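Participant: A single structure is presented below for examination.
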Amino acid sequence: MLLLRPLVLFIAVIFFYMPNLEFIGIGLLLFIYHIILKNRNEYVERVKKLFSDKNIEFPENIKKASFIPLIIYICALSAMFLISFYIYGLAGDMESIAQLEIPEWIRMAVFASSVAAWASYVYLINKIVRDQVIIQEKLYEKGFIKTKIIKYRNGNLVMIMRLLTLNLYEWLLIYSVLRETAYHYIESGVVQNKISEPKNPEPQKTEEIISEVSEKEEEYKTEKETAFEIIYNSIISDVVKTEISERYSFIFSKVTKLDRNIGKKILDKMLNEKIINKEDYDRINNFI
C-alpha cells in the first residue's frame with residue numbers, strides 16, 4: 001500500500017498547464033489514479049480478511065476492482081488528444097478550425113471516445129470512493145473506527161462538475177481523495193495491516209449513569225459560578241477606579257461585550273449592590 005503525498009499532485013498540475021509538457025502532467029495524474037485504485041483493492045482485501053476472521057458479513061457487491069476501466073479511460077483520453085491534433089493539422093491554425101468541414105468518421109470517433117471516457121471514469125470513481133465509503137460505514141458500525149473520514153461522491157455528478165469547472169474540479173477531487181483515504185487507512189490501521197479491535201465496554205447500570213450525570217452537572221455548575229465571580233470581580237475592580245461621570249460608559253462597554261445572560265446577571269448584581277442606579281441599569285439592559 002503506497003500513500004502518495006499531495007506534492008505529487010501539485011507537480012502534475014504544474015506540468016498539465018505548461019505548454020508542450022501537459023503529457024507529463026496527464027501521465028502523473030494517471031499514475032495517481034493507478035495507485036489510488038491499487039490501494040483500494042488492497043484495502044478491500046485486508047478488511048475482507050478481517051471480517052472473515054471475525055465472522056462479520058462483508059458487502060457482497062464489493063470485490064477487487066479491475067484495472068481495465070482505467071486502461072479504457074487512458075485509451076479514450078489518448079484518442080481524443082490524437083483527434084484534436086489531427087484536426088489542428090488539417091486546419092493549420094485555431095481560426096480555421098471553425099470553418100473546417102470535419103469528416104463523419106472523426107465525429108463518430110470523438111463521440112465514441114467521449115462515451116468511453118465518461119463511462120470508465122464513472123466506474124473508477126464509484127469503485128474508488130463509493131465502495132470505500134460503504135466499507136468505512138461497516139467498520140464504524142462495528143466499532144473498528146471512531147470517525148468517518150472518506151466522503152461520498154457520485155461518479156456522474158463528478159463528471160458534470162468537471163465539465164462545469166473546465167476540469168478544475170478533478171484536481172480538487174483527487175487531492176481530497178488522497179488525503180481522506182490516507183487518514184482513514186492510518187486511523188483504521190489498514191496501512192500497518194493491524195486494524196484495532198473494537199471496544200465493547202460493559203453497559204453501565206442506570207443508577208451509575210444517573211450518578212455520573214449528576215456529578216458532572218454539579219461540577220459544571222460550580223465552574224460556571226466560579227467563572228462568573230472572576231468576571232464580575234474583574235469588572236468591579238476596574239469600575240471603582242473609574243471616575244463616577246465615566247462609569248456608565250465603562251460598564252456599558254464591558255457588559256455589552258459579554259454573553260447576554262452573563263451580562264444581565266452582572267447588571268442585576270451591580271444594581272443590588274448599588275454600584276449603578278436604576279436608570280443606568282435600564283438603559284444598559286435595553287442593549288443586551
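Only the coordinates and a few stated rules stand behind these numbers; no lab work does. These numbers were taken from a predicted model, which means no experiment stands behind them. Virtual Cβ from ideal backbone geometry, glycine too; neighbours counted across all protein chains shown.
Participant: Going by average Cβ density within 10 Å per residue, which order do the peptides 47-57, 170-180, 143-153, 120-130 take, highest to lowest?
Facilitator: Ranked by mean Cβ neighbours within 10 Å, highest first: 120-130, 170-180, 143-153, 47-57.
Participant: Among rounded, prolate and oblate, which fits segment 6-188 when a ≥ b ≥ c are the square roots of the eigenvalues of its C-alpha gyration tensor, a/c under 1.5 means rounded, and a/b larger than b/c means prolate?
Facilitator: Prolate is the answer for segment 6-188, as a/c is 1.5 or above and a/b outweighs b/c.
Participant: Quick check: from the Cα gyration tensor, does segment 5-112 come out rounded (a/c under 1.5), prolate or oblate?
Facilitator: Oblate, since a/c reaches 1.5 and b/c is not below a/b.
Participant: Still on this structure, please answer the following. Going down the table (Lys54/Lys148; Lys48/Lys148; Lys64/Lys148; Lys54/Lys151), which pairs top 30 Å between alpha carbons?
Facilitator: none
Participant: How big is the gap, in Å, between the Cα center of segment 225-271 and the Cα center of segment 157-191?
Facilitator: Between the Cα centre of segment 225-271 and that of segment 157-191, the gap is 51 Å.
Participant: Which residue, chosen from Gly143, Ile102, Asn41, occupies the Cα position most advanced towards the positive end of the dipole of segment 6-188, where the dipole is computed from +1 (Lys, Arg) and -1 (Asp, Glu) charges on Cβ about the Cα centre?
Facilitator: The residue sitting farthest along the positive end of the dipole is Gly143.
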